[in-house]
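Here is the structure we will look at, set down as structure tokens.
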Amino acid sequence: MSGISDEFINEALSYSKKKSLKPFFFASAAAAVALLFAIAAPWMFLKDHKTETMSFYLSIKNTEGMTVSDVSEIGFFDGGVKLIISDEENGGYKLLSLPHASSSTIIEIMSENHVKPLEENPDSIPRIWISLGDGRTVSPYLEYSAGNTGACELFGYEPEGEPSTELTEYISGLLS
Amino acid sequence: MEDFQIVELYWARSESAIKESDRKYGKMLTKISFSMLSSNEDAEECVNDTYLSAWNRMPTDRPTYLGAFLSRIVRGISIDRYRRRKAQKRSGSEIAIDELEECIPSQSSVEGELENGALSEAINRFLGTMDHDSRVVFVRRYYLTQSISEIARELGFSEGKVKTLLFRRRKELYNMLEKEGLV
């Protein structure tokens with residue numbers, strides 16, 4: 001690693017310097033959010049908050065699908081888009097085939113729409129991935145990026161947010 | 001002060017070059033050295049040796065990125081001191097080096113020395129193909145030997161995301177080096 005380019009070292013060092021300006025903005029944003037919460041709090045408790053937060057998982061949870069016990073049975077290169085849900089209790093995975101899904105559409109939706117703030121404890125949500133059929137795997141709980149794209153694997157991750165409304169609606173529409 | 005202005009001070013043989021370097025990069029250099037040596041006194045000595053080395057090298061060197069230039073020097077000095085000291089305690093940098101040895105061979109033979117140029121060139125190419133986030137995390141972990149929690153905190157990522165990025169990039173690096181016959 002000694003011979004890496006000065007440009008890459010400088011990029012890595014500079015990244016932290018840019019981020020160091022953010023605490024000021026975070027403090028201002030936090031004050032604004034606190035004020036907003038104080039005004040909006042009564043209205044928030046009128047909604048079914050938990051349902052909305054877990055809406056993606058709840059929308060797919062009871063859909064019929066095939067169960068596999070091992071990652072090797074998933075078929076990452078079979079050309080078919082599928083949802084993969086981890087079975088926390090029994091081990092293994094549930095596969096929901098999305099025969100009419102387009103991998104390019106999914107990527108487009110994920111690229112153009114950010115995940116929503118995660119309000120539920122991330123550990124209460126099973127891990128969910130999308131196999132795009134060409135070897136690539138992504139998760140609807142992560143921002144789409146090359147760094148968050150797996151190759152023939154169900155990578156470990158910490159959810160960055162709830163799937164966007166647009167992605168939820170697209171997938172729910174395919175499953176209905 | 002901008003990097004080029006500090007470099008001009010070195011070239012003008014002004015002693016304020018050291019003062020300005022320390023003001024801008026002292027903490028960073030101390031952190032890099034401390035992560036390898038786990039000793040404040042040793043880290044301080046290495047940082048002082050770094051400034052001396054920079055003073056001797058400029059002129060004729062005129063680095064574009066002074067931070068990268070100084071970090072490269074302090075890293076080399078710290079590694080030498082670490083090898084001489086043969087620390088018993090497993091430091092943060094040892095853990096980082098162990099992770100990287102999964103995919104990069106140690107180069108101890110003469111033949112290995114010749115291959116070092118090819119390896120460096122391959123690693124730079126690999127870094128060039130990475131997305132910005134992955135590259136910053138990778139360089140901070142394996143060149144600057146920062147801990148995973150430190151990287152996550154400073155970049156605003158979760159530790160899980162940092163670990164996942166590193167795991168995938170190491171695998172990709174190994175595959176690339178294997179294809180090129182460097183492992």
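The values are calculated or read from the model by the stated rules, or taken from the named source; none is laboratory data. Only a predicted model underlies this, so the values are computations on that prediction, with no experimental measurement involved. A quick note on method: Cβ atoms are made from the backbone with ideal geometry, for glycine too, and the neighbour counts reach across all protein chains shown. Surface accessibility is based on the protein's heavy atoms, side chains included, excluding ligands, DNA and RNA. Shrake-Rupley method; radii C 1.70, N 1.55, O 1.52, S 1.80 Å.
The criterion of being in a helix (DSSP H, G or I), at the interface with another protein chain (Cβ under 7 Å from one of its Cβ atoms) and surrounded by 15 or more Cβ atoms within 10 Å (Cβ to Cβ) holds for B:R135.
Within the stretch A:111-131, the set of residues being modelled with pLDDT under 80 and crowded, with 18+ Cβ neighbours inside 10 Å comprises just one member, A:I125. With respect to the conditions (1) open to solvent by 20 Å² or more (accessible area, probe 1.4 Å); (2) within 14 Å of the chain's Cα centre (by Cα), B:I32 falls short on a single one, namely (1). Only one entry of B:L166, B:L155 meets the criterion of being hydrophobic (A, V, I, L, M, F, W, C) and either more than 8 Å from chain A (Cβ to nearest Cβ) or open to solvent by 40 Å² or more (accessible area, probe 1.4 Å) (or both), and that entry is B:L166.
Within the stretch B:39-60, the only residue that satisfies the criterion of being assigned to a loop (DSSP other than H, G, I, E, B) and within 19 Å of the chain's Cα centre (by Cα) is B:S39. Can you tell me which residue in the stretch A:140-168 is farthest from the other protein chains (Cβ to nearest Cβ), limited to those that are of a type in the set (D, E) and under 20 Å from B:S134 (Cα atoms)? In this case the residue turns out to be A:E143.
Being modelled with pLDDT of 60 or more, of a type outside the set (S, T, Y), under 16 Å from the mean Cα position of the chain (by Cα) and not in a loop (DSSP other than H, G, I, E, B) holds for only one residue in B:I104, B:I97, and it is B:I97. Restricting A:T67, A:T165, A:T63 to those that are touching a helix residue (DSSP H, G or I) at 6+ places or on another chain (Cβ under 6 Å), surrounded by fewer than 18 Cβ atoms within 10 Å (Cβ to Cβ) and either of a type outside the set (D, E, K, R) or at negative phi (or both) reduces the list to A:T63. Among the residues of the stretch A:132-139, are any of a type in the set (A, V, I, L, M, F, W, C) and either within 11 Å of chain B (Cβ to nearest Cβ) or open to solvent by 30 Å² or more (accessible area, probe 1.4 Å) (or both)? No, because not a single residue in the stretch A:132-139 is of a type in the set (A, V, I, L, M, F, W, C) and either within 11 Å of chain B (Cβ to nearest Cβ) or open to solvent by 30 Å² or more (accessible area, probe 1.4 Å) (or both).
The strands (runs of 3 or more DSSP E) found wholly in the stretch A:53-143 and carrying at least 2 residues that are among the aliphatic types (A, V, I, L, M) and without any contact (Cβ under 8 Å) to a residue 60 or more places away in the chain occupy A:66-68. Looking across the stretch B:8-27, just one residue is open to solvent by 40 Å² or more (accessible area, probe 1.4 Å) and under 16 Å from the mean Cα position of the chain (by Cα), and that is B:K27. The set of residues in the stretch B:36-57 that are touching a residue at least 24 places away in the same chain (Cβ under 8 Å), within 22 Å of A:I4 (Cβ to Cβ) and surrounded by fewer than 21 Cβ atoms within 10 Å (Cβ to Cβ) comprises B:D49, B:S53.
Within the stretch A:81-106, if we keep just the residues that are out of contact with any helix residue (DSSP H, G or I) (no Cβ under 8 Å at 6 or more places or on another chain) and of a type in the set (G, A, S), the residue that is farthest from A:S172 (Cα to Cα) turns out to be A:G91.
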